[in-house]
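Heads up, the thing below is written out as structure tokens.
The values are calculated or read from the model by the stated rules, or taken from the named source; none is laboratory data. From a predicted model like this one, the values you see are computed outputs, not experimental measurements. Backbone-built Cβ (ideal geometry, glycine too); neighbour counts: all protein chains shown. With ligands, DNA and RNA removed, areas are computed over all heavy atoms of the protein, side chains included. Shrake-Rupley method; radii C 1.70, N 1.55, O 1.52, S 1.80 Å.
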Amino acid sequence: MEKHLHMVCLDVPYPMDNGGMFDLFCKIRALHDIGIKVHLHCFEYGRGEQSELNKYCEEVLYYKRASGHKGFSVSIPYIVASRRCEKLLANLLKDDYPILLEGVHCTHHIFNNLMQDRKILLRLHNVESDYYYHLYKHERFLPRKLYYYLESKLLKNYERKVAQQVPIVALALKDAATYKESFHAKDINYVPPFVPFTDVKSEEGLGTFCLYHGNLSRAENDKAARWLIKNVFNKIQKPFIIAGKYPGARLKRLVQVNPHVHLVENPDEAEMQDLIAKAQINILPSFNGTGFELKLLNALFNGRHCVVNIPAVEDTGIEETCHIATDENSFRKIISQLYYKPFSESEIQLRKKLLAAFNNNKNAEALVRLIWCNA
């Protein structure tokens, strides 16, 4: 018997040009590979319609996200209220297929009585209230800082209500624990992130530079890059490359006054993968304690040594694959020790063992069992 599934995405899940898209697109592809008929609904606000999605979906429907004051609510978080869409609700009600909501962003209609008899599952991407609080702490532009603070407050109350309404499948164990302990979630499970990597391709030997990569338009990534320059590479003169989308003016100025630091702006996917593979050390501290650092998985599947801090790997099961620093002094010490240390076959084998949990087909089957159990 054919299995059909509505999947509602907070954004258009292709191309895979940032870590957040890894889980979305690779999940769609994995569900297709095991025979699930995916009916994809996505909010489009800049990424455009993507024909690649048609290869893996029965249908792909696009909706406009309300922007500015049109998406504002005094009681509902903006990320949710701006995705309130009657056309989406009408399309979901045309049949009785199960519904997978991708992110708290897409949950507005679970409070509609018309949906109460449907099998609905929420894929939790982050503890959004914590995520927005971290954005608030890192942001310097006052209007945006105020928005992040207010959004975090609204999300705290909203997520507590969501936790009582719908079964949840988290992509990070620490987020599952928060929902269970702080929000008293009734039904929460864990399925690891879906990733575009199937094999560990890390190369033995030595690379030629240190690398930090990420979407540099995000405040927490901009802060991490600047922190590394000012607190780590100010005292160790090793070549350091920062690569990512849309770097800010302050980061550019900081790079200019540090001759051993280089900035690669807006690399395409091939260039970014080449940088990750050629680096001697991928350095990926996290200043955001929620979700899963998917860019770290990229570095572990494709790069050599990885140096992180505790929030980047806590409760992930992959701690042994990384060198963990706790402050700027330990970052400098570990980097200095690793810079001339060849990456070994034994380290590659350890990664293969621990990264086996990120098997898309097995995780798709686990997700399907959760969706169709008692359906």
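In the condition set (1) more than 19 Å from F292 (Cα to Cα); (2) modelled with pLDDT of 95 or more; (3) part of a helix (DSSP H, G or I), R144 is compliant with all but (2). For I28, the conditions (1) farther than 30 Å from L300 by Cα; (2) β-branched (V, I, T); (3) in contact with a Phe, Trp or Tyr (Cβ under 6 Å, 6 or more places away or on another chain) all hold with the exception of (1).
Evaluation of L121 against the conditions (1) closer than 30 Å to S286 by Cα; (2) not in a strand (DSSP E or B) shows that the sole unmet condition is (2). Filter segment 11-21 for residues that are surrounded by fewer than 22 Cβ atoms within 10 Å (Cβ to Cβ) and among the hydrophobic types (A, V, I, L, M, F, W, C); which is nearest to the chain's Cα centre (by Cα)? It comes out as M21.
Residues in segment 93-101: is at least one surrounded by fewer than 22 Cβ atoms within 10 Å (Cβ to Cβ), of a type outside the set (S, T, N, Q) and touching a helix residue (DSSP H, G or I) at 6+ places or on another chain (Cβ under 7 Å)? Before the answer, list the steps.
Taking segment 93-101 as the starting set, the residues that turn out to be surrounded by fewer than 22 Cβ atoms within 10 Å (Cβ to Cβ) are 93-98.
Going one step further and asking which of them are of a type outside the set (S, T, N, Q), we end up with 93-98.
Still in the list and also touching a helix residue (DSSP H, G or I) at 6+ places or on another chain (Cβ under 7 Å): 93, 98.
Among the residues of segment 93-101, at least one is surrounded by fewer than 22 Cβ atoms within 10 Å (Cβ to Cβ), of a type outside the set (S, T, N, Q) and touching a helix residue (DSSP H, G or I) at 6+ places or on another chain (Cβ under 7 Å), which makes the answer yes.
Given L228, L211, L155, L216, which one is within 18 Å of F287 (Cβ to Cβ), touching an Asp or Glu at 6+ places or on another chain (Cβ under 7 Å) and not polar (S, T, N, Q)? Spell out how you get there, then give the answer.
Details: L228 fails: touching an Asp or Glu at 6+ places or on another chain (Cβ under 7 Å); L211 fails: touching an Asp or Glu at 6+ places or on another chain (Cβ under 7 Å); L155 fails: within 18 Å of F287 (Cβ to Cβ).
After ruling out the rest, the residue left standing is L216.
Within segment 304-327, residues that are farther than 13 Å from L284 by Cα reach partners that are small (G, A, S) and open to solvent by 20 Å² or more (accessible area, probe 1.4 Å) with beta carbons closer than 8 Å, at six or more positions or on different chains, in the pairs E314/G289; D315/A177; G317/A357. Looking at the structure I just gave you, is G68 on the phi > 0 side of the Ramachandran plot and open to solvent by 20 Å² or more (accessible area, probe 1.4 Å)? So G68 passes the test. Screening segment 162-206 for residues that are open to solvent by less than 30 Å² (accessible area, probe 1.4 Å), out of contact with any helix residue (DSSP H, G or I) (no Cβ under 8 Å at 6 or more places or on another chain) and not in a helix (DSSP H, G or I) and picking the one that is farthest from N298 (Cα to Cα) gives G205. Once segment 288-317 is narrowed to residues that are open to solvent by 10 Å² or more (accessible area, probe 1.4 Å) and aliphatic (A, V, I, L, M), the residue that is nearest to K201 (Cα to Cα) is L294. With respect to the stated conditions, G48 is under 21 Å from the mean Cα position of the chain (by Cα), of a type outside the set (D, E) and open to solvent by 10 Å² or more (accessible area, probe 1.4 Å). When restricted to residues that are surrounded by fewer than 16 Cβ atoms within 10 Å (Cβ to Cβ) and under 19 Å from the mean Cα position of the chain (by Cα), segment 345-355 contains 0. Once segment 53-65 is narrowed to residues that are out of contact with any helix residue (DSSP H, G or I) (no Cβ under 6 Å at 6 or more places or on another chain) and open to solvent by less than 40 Å² (accessible area, probe 1.4 Å), the residue that is farthest from I79 (Cα to Cα) is C57. In this structure, R123 does not qualify as touching a His at 6+ places or on another chain (Cβ under 8 Å), under 17 Å from L155 (Cβ atoms) and surrounded by 21 or more Cβ atoms within 10 Å (Cβ to Cβ). In segment 42-54, the residues that are without any contact (Cβ under 8 Å) to a residue 24 or more places away in the chain form Cβ pairs under 7 Å with partners that are part of a strand (DSSP E or B) and hydrophobic (A, V, I, L, M, F, W, C), at six or more places apart or across chains, as follows: N54/V60.
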